[in-house]
Amino acid sequence: MEHILFYVISGLAIISALSVILNKNPVYSALSLVGFLFVQAILFVLLKAYFIAIVQVLVYTGAIMVLFVYVVMVMKLNEELLPRIRLRPFSLFLAGLFASYLFYIFSKTPTFSHPVLKTGDISEIGELLFSKYVLPFEVISLLLLVAMVGAVVLNRKSKHE
Amino acid sequence: MTLTILLVTLLKVLVLSFVVINVVPLMTWVERRGSAFIQGRIGPNRVGPLGLFQPIADGIKFIMKEDTYYPHVDKILFIIAPALALIPAILAFAAIPFGPQFTLWGYTTALQIADINIGVIYVLAIASLSIYGILLGGWASNNKYSFLGSVRSSAQMISYEVALGLSIVGLLMIYETTSLKDMVLAQSVPLWGVLPKWGIFTQPVAFLLFWICIFAETNRLPFDLPEGETELVAGYHTEYSGMKFALFFMSEYMAMFTGSALAATLFLGGWAFPPGIQEWILNFGLSRNLFAFICFINFMIKVAFFLWCFVWVRWTFPRFRYDQLMKLGWKFMIPVALLNILATGFVIYGA
């Protein structure tokens, strides 16, 4: 049962991911990305990482992608305005580099048989975040703070205007 | 045995969805009679006793109406947008506890579709998805008024979602759980001997913030700028007619019900009676199923109170200006929510 679900969901994920890059209308592309992130959340549920799944829905599909779709809609991008996509050797090289890096990460990650979380409970995640992974956690919060300050500074009106 | 579990779960889904969906026509009636009551009018009173069958007449009207499409709309998104608005509103109920455990065909289960241990976050996450319906509806209509309405709506909902999420953190700190069922159980003990340990007594500031945010999230007056009639014709659903318009309408009322149910569960002790009264009721020697039903009624009364507040506020306050709305959200609600978390932390640390 779980295996059938996994294949159906992964199939959906691949279809929606492909439709992100193949769709000509940018709004449909952004919406496919929303669909992809939602399907990915279901994959997290299959891995029994319920908290991660819900946070994925809350943060990505519920907040970040809304802004994405919003910006794409406001920009009024027409198909004629978008550049034709051609495959250049350089872009192929970059894509290959990225793919091999992803493959490297994939070969390093623990498989289904030994997940890091035992129950997927929220308290377990909290404990891990504040003990074993406290340094990466703090570094990421610093990074987010820098991004936030940057956004505020960029949008501040200068006094000369 | 598995068949019984499946059957009981299916029955729970059917019965609770039936209850939830039927709140919508009832609420439209309450809204119209309530507004008439507040404004000193009579309101709809011709169809059925007290005009109670008015929603049915409205429903028939919506279905019989011509379904119009305009040549300038994006047809696919125009059709799926109303459904996208309604589906998350219905899905959010899966985690809300309507009552305690009952026994059916030898199988004991709670009056709640799914007891997820992160129920609070689940409801917030699913409810935040309903924004897509509004956003896409406005964009697909390809009309400046509709689009402006959906742009306003998305900015408003994202701003107030932050304060909504932050206002709940204090509750999570006090009751030390994210499961809605455990939240109800944690609130059914006494506080200082007299009061029940309800969220509204332990976190009054959080309640105020939460309640204001729910108004913004459901696009209700005084925050109904996405459909401000005086500026935007009808906002994001200007181009919609018939049943497709009705779906948007239903999703607004469903969102109101979700907000009220969540408020009742988090701040008014959910289905549980205040301590003392529960023992008093159990003294009558009621069967377990009857007690579960009484608790369900208790929960619905609390929800009905909040739903009435929605109507009451709508016909009492004027609409905000958009910059005032944003200022209130970012410069007042979020700082106060953060301070509330800090204060709660100090109190818990001191106790």
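Would you be able to tell me the number of residues in region B:154-165 that are facing chain A (nearest Cβ under 10 Å) and open to solvent by less than 20 Å² (accessible area, probe 1.4 Å)? Outline the logic, then answer.
Initial filter on region B:154-165 (facing chain A (nearest Cβ under 10 Å)): B:154-155, B:157-158, B:161-162, B:165.
Subsequent filtering for residues that are open to solvent by less than 20 Å² (accessible area, probe 1.4 Å) retains B:154, B:157.
Number of matching residues: 2.
Here's the yes/no breakdown for (1) open to solvent by 10 Å² or more (accessible area, probe 1.4 Å); (2) more than 30 Å from B:ASN22 (Cβ to Cβ):
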| site | (1), (2) |
| --- | --- |
| B:ILE168 | no, no |
| B:LEU171 | no, no |
| B:SER188 | yes, no |
| B:TRP192 | yes, yes |
| B:LEU208 | yes, yes |
| B:LEU232 | no, yes |
| B:SER241 | yes, no |
| B:LEU247 | yes, no |
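Take region A:22-40 and flag every residue that is part of a helix (DSSP H, G or I) and more than 9 Å from chain B (Cβ to nearest Cβ).
Step one: list which residues in region A:22-40 are part of a helix (DSSP H, G or I), which gives A:22, A:26-40.
Selection gives A:LEU22, A:PRO26, A:SER29, A:ALA30, A:SER32, A:LEU33, A:GLY35, A:PHE36, A:LEU37, A:VAL39, A:GLN40.
When you scan region B:265-351 for helices (runs of 4 or more DSSP H) that lie fully inside it, which ones turn up with 2 or more residues that are surrounded by fewer than 19 Cβ atoms within 10 Å (Cβ to Cβ) and under 21 Å from the mean Cα position of the chain (by Cα)?
On the way: elements: B:277-282, B:288-314, B:322-327, B:334-350.
Those helices (runs of 4 or more DSSP H) span B:288-314.
Here are the criteria: (1) without any contact (Cβ under 8 Å) to a residue 24 or more places away in the chain; (2) assigned to a helix (DSSP H, G or I); (3) open to solvent by 50 Å² or more (accessible area, probe 1.4 Å). Tell me which single one B:ILE21 does not satisfy.
Answer for B:ILE21: the failing condition is (1).
Working only within region A:41-66, note down all residues that are within 10 Å of another protein chain (Cβ to nearest Cβ) and over 14 Å from the mean Cα position of the chain (by Cα).
The answer is A:TYR50, A:PHE51.
Identify all residues within region B:99-146 that are open to solvent by 30 Å² or more (accessible area, probe 1.4 Å), in contact (Cβ under 8 Å) with a residue 60 or more places away in the chain and over 24 Å from B:SER260 (Cβ atoms); write none if there are none.
Within region B:99-146, B:THR103, B:LEU104, B:TRP105, B:GLY106, B:TYR107, B:TRP139, B:ASN142, B:ASN143, B:TYR145 meet the criteria.
The values are calculated or read from the model by the stated rules, or taken from the named source; none is laboratory data. As the structure is a computational prediction, the values presented were derived from the model and not from experiment. Please note: Cβ atoms are built from the backbone with ideal geometry, for glycine as well, and neighbour counts cover all protein chains shown. Side chains included, ligands, DNA and RNA excluded: accessible areas come from the protein's heavy atoms. Shrake-Rupley method; radii C 1.70, N 1.55, O 1.52, S 1.80 Å.
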